[in-house]
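Derivation of every value follows stated rules applied to the coordinates shown; laboratory data play no part. In this text the structure is predicted, and so the values were computed from the model without any measurement. We place every Cβ from the backbone using ideal geometry, glycine too, and count neighbours over all the protein chains shown.
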Amino acid sequence: MRALITVFSLVVSIALMSKSSAADQPNIVFIFTDDHAPHAIGAYDGWLKSVNPTPNIDKLAGEGMLFVNSFCTNSICGPSRAVIQTGKHSHKNGFMNNGNSFDWNQQTFPKLLQKAGYQTAIYGKSHLKGEPQGFDDWAVLPGQGLYYNPDMITPKGKVMIEGYCTDIVTDMAVDFLKESRDGDKPFMLMVQHKAPHRNWMPALRHLHLYDDIEMPEPATLFDKWEDNAAPARYQELEIDRHMDINFDLFLDLTADFKDPSPKKSKDRSAWNNLQRMTPAQSKTWRDAYGPKDKAFHEANLSGDDLIRWKYQRYAKNYLRAVKGVDESVERVMKTLDELGLEDNTIVIYSSDQGFYIGDHGWFDKRWMYEESLKMPFIVKWPGVVKPGSKSLKMIQNLDYAETFLEIAGAAIPDDMQGLSVVPLLKGENPDDWRKSIYYHYYEYPSVHMVPRHNGVRTNRYKLMNFYQFDEWELYDLKTDPDELTNLYGNPEYKQLTRRMKKELENLRKQYEDDSDMSVKSQEWQDEVRSR
Ligand code: SGN
Ligand code: CA
């Protein structure tokens with residue numbers, strides 16, 4: 001009997017040991033989309049919530065922690081991803097704007113996770129150019145990638161895959177979980193969608209979604225940027241003047257899917273994509289948009305009514321593309337459940353930056369204003385994160401690498417510049433958590449014409465410096481969440497301005513950002529603005 005008891009307790013303790021070692025290195029599924037603004041997620045409580053755009057992402061938030069104050073360091077695709085890979089600001093990892101190439105030979109978190117015993121895989125949009133390093137398996141879209149029948153680059157070469165990109169990437173993730181996972185290792189699976197990036201092409205099954213409703217409009221749809229510094233009036237991302245009804249909204253599709261206004265739009269990607277459709281795909285597409293286009297012409301709109309129509313078509317396509325993503329989340333969660341992996345797998349939802357969905361009259365991102373500065377960050381960690389909890393602490397994409405490494409029990413290199421959010425996930429409330437974040441955007445002059453700027457945001461205030469033009473903005477986010485009243489230069493805010501400038505200077509030094517921030521000559525400023 002005693003022997004039996006000993007054997008029994010041995011078996012129990014081995015079982016407990018292996019359970020605790022598995023829990024020591026939980027699996028991570030990182031679902032990452034392109035340009036999905038938090039206010040287009042129900043759980044984030046934004047003005048699009050009434051449309052119920054994301055029931056499955058909301059469910060994830062209900063089972064995990066939602067980070068309300070989650071920000072990027074540089075609001076554009078490639079750079080945001082490079083920050084995530086390295087845990088370093090753009091000026092340190094070398095990928096400051098989309099024109100740069102990522103140096104894959106540098107230290108990245110997937111390489112460190114591999115060393116810590118993880119199996120790593122990435123599927124979908126990388127946007128870092130070159131072949132990914134640090135992954136046991138991968139398949140990535142070349143550049144921005146296509147929504148329909150995309151090419152994908154794999155270790156075996158380039159392949160064209162028929163179907164809708166979000167579904168294809170989800171298939172790959174599901175296949176990894178079901179077929180190619182190494183059962184002896186924990187894994188990091190990165191599921192990286194192109195959606196809902198421009199040109200906001202929905203899956204065929206979603207082409208009629210929202211047909212029978214009016215999208216709510218943002219309060220600032222008709223903003224005229226009267227109180228902003230000059231850059232907000234010189235940009236090129238207005239729904240009114242810069243969103244092209246053919247290129248962006250697919251109006252008046254020609255028989256051969258040739259862009260009817262080729263002079264206006266330099267980029268051919270959406271039209272090339274339509275031309276790649278199979279006859280069946282293109283028929284469904286035409287059948288959906290044809291009658292809507294006819295109604296548009298009959299209405300003969302102009303002025304604000306035309307802006308409203310463009311906004312409706314844009315917001316609906318954007319949220320239709322989001323719907324595909326939300327269904328992807330559902331499939332991944334279901335697969336984890338079916339495979340019995342749910343309890344030991346952390347699931348994260350995030351996107352490379354926020355986006356303007358008509359806010360301030362705009363589309364696109366790049367600015368340090370709230371809508372594009374914010375990133376969704378939702379984490380489900382069974383047994384650790386309190387379901388349905390919210391964190392108000394300021395976090396950034398700069399923190400992801402260190403968070404993943406701490407989850408894996410791996411050492412965090414000294415040269416990473418973020419903070420692991422694991423203490424926040426455990427419900428701790430560290431007093432010495434950061435009180436401000438640093439931001440720096442570099443891509444100028446370039447598409448959408450948002451000038452270079454850096455800035456600092458605290459819980460309440462934001463200071464921005466468009467240094468090439470010597471233009472500044474200061475906002476009180478508590479009294480002015482839409483950032484409509486620029487307080488810079490207001491004598492009542494002199495002290496605060498001085499404090500915020502000091503904070504900006506301190507952060508620039510702390511992160512060792514010595515990039516050129518000189519004011520440009522008047523000739524340069526005039527020349528760039530007249531382009
Ligand atoms: C393309 C888009 C822009 C977008 C950039 C950056 N034009 O140039 O609207 O701002 O990418 O996007 S498009 O005609 O190709 O859609 S990002 O996702 O890489 O940040
Ligand atoms: Ca992006």
Residue (of 465, 72, 122) at the positive-pole extreme of the chain, dipole from beta-carbon charges: 122
Which value in nm describes the separation of the simple spin-label points at residue 287 and residue 104, placed 7 Å from the Cα toward the beta carbon? 4.2
Given H placed on each backbone N at 1.01 Å, which residues far from residue 187 in sequence or on other chains put an amide H within less than 5 Å of it? 27, 28, 119
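Over all distinct alpha-carbon pairs, what is the Kirkwood Rh of the chain in angstrom? Write out the running numbers ahead of the final one.
Details: mean 1/r = 0.0412 Å⁻¹.
It works out to 24.3 Å.
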I'd like the Karplus ³J(HN,Hα) series for the range 347-364: coefficients 6.51, -1.76, 1.60, θ = phi - 60°, whole numbers in Hz, and an x wherever there's a Gly or Pro. 10, 10, 10, 8, 9, 5, 6, x, 6, 8, 10, x, 4, 6, x, 10, 10, 6
Cut-off 15 Å, label point 7 angstrom out along Cα-to-Cβ of residue 530: give me the residues of the range 424-462 whose amide nitrogen falls inside. none
How far apart, in nanometres, would the label points at residue 498 and residue 255 be if each is projected 7 angstrom from Cα along the Cα-to-Cβ direction? 7.3
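Using unit Cβ charges (K, R positive; D, E negative) and no other charged atoms, how large, in debye to the nearest 20, is the dipole of the range 210-369 about its Cα centre?
Details: 23 positive and 31 negative charges, 163 e Å.
Using Cβ point charges on Lys, Arg, Asp and Glu, the range 210-369 gives about 780 debye.
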List the residues, sorted by chain then number, that are 5 or more residues from residue 385 or on another chain and whose placed amide H is less than 5 Å from its amide H. none
Under 5 Å between amide H atoms, partner at least 5 residues away or on a different chain: which partners does residue 391 have, H built in plane at 1.01 Å? 66, 67, 68
Under a cut-off of 17 Å between alpha-carbon atoms, report the lysines in cross-link reach of residue 494, not counting same-chain residues fewer than 8 places apart. 462, 502
Which residues does the label zone of residue 435 cover in the range 452-495, counting backbone N under 12 Å from a point 7 Å along Cα→Cβ? 458-460
Within the chain, helix-based [θ] at 222 nm, where runs of 4 or more DSSP H residues each add -39,500 (n - 2.57), nearest 500: -10000 deg cm²/dmol
Which ³J(HN,Hα) values, rounded to whole Hz and listed in residue order, are derived for the range 71-80 from phi using the Karplus coefficients 6.51, -1.76 and 1.60 in 6.51 cos²θ - 1.76 cosθ + 1.60 with θ = phi - 60°, glycine and proline given as x? 10, 9, 9, 6, 7, 7, 4, x, x, 4
Give the lysines reachable from residue 88 as a straight Cα distance under 19 Å; neighbours fewer than 8 places away on the same chain don't count. 111, 129, 374, 435, 509
Taking θ = phi - 60°, what integer Hz values does the Karplus form 6.51 cos²θ - 1.76 cosθ + 1.60 yield along the range 393-399, in sequence order, with x for Gly and Pro? 5, 7, 10, 9, 4, 4, 8
Considering the options 26, 61, 235, tell which one lies farthest towards the positive end of the dipole of the chain, charges being +1 on Lys and Arg and -1 on Asp and Glu at the Cβ, about the Cα centre. 26
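Measure up 194/224; 49/323; 224/365 against 20 Å on the Cα-Cα distance and list the ones that go over.
Details: 194/224 31 Å; 49/323 13 Å; 224/365 17 Å.
Listed pairs above 20 Å: 194/224.
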Lys/Arg Cβ at +1, Asp/Glu Cβ at -1, dipole of the chain taken about the Cα centre: which of 166, 405, 317 is farthest positive-ward? 405
Let me see the P(r) profile for the range 440-529: every Cα-Cα distance counted, bins of 10 Å, each bin given as a percent of all pairs. 15, 45, 33, 7
Potential extension, residue 211-residue 459 segment - 0.36 nm per residue separation minus Cα distance: 85.4 nm
To the nearest 20 debye, the chain has a Cα-centred charge dipole, built from +1 on Lys and Arg Cβ and -1 on Asp and Glu Cβ, of 540
At R0 = 41 Å, how high is the FRET efficiency between residue 297 and residue 428 if r is their beta carbon distance? Nearest 0.05 is fine. 0.10
With charges set only on the Cβ (+1 for Lys and Arg, -1 for Asp and Glu), what does the dipole of the range 440-529 come to about its Cα centre, in debye to the nearest 20? 500
List 524, 433, 271, 367 from most exposed to least, where exposure is judged by having the fewest other Cβ atoms within 10 Å. 524, 433, 271, 367
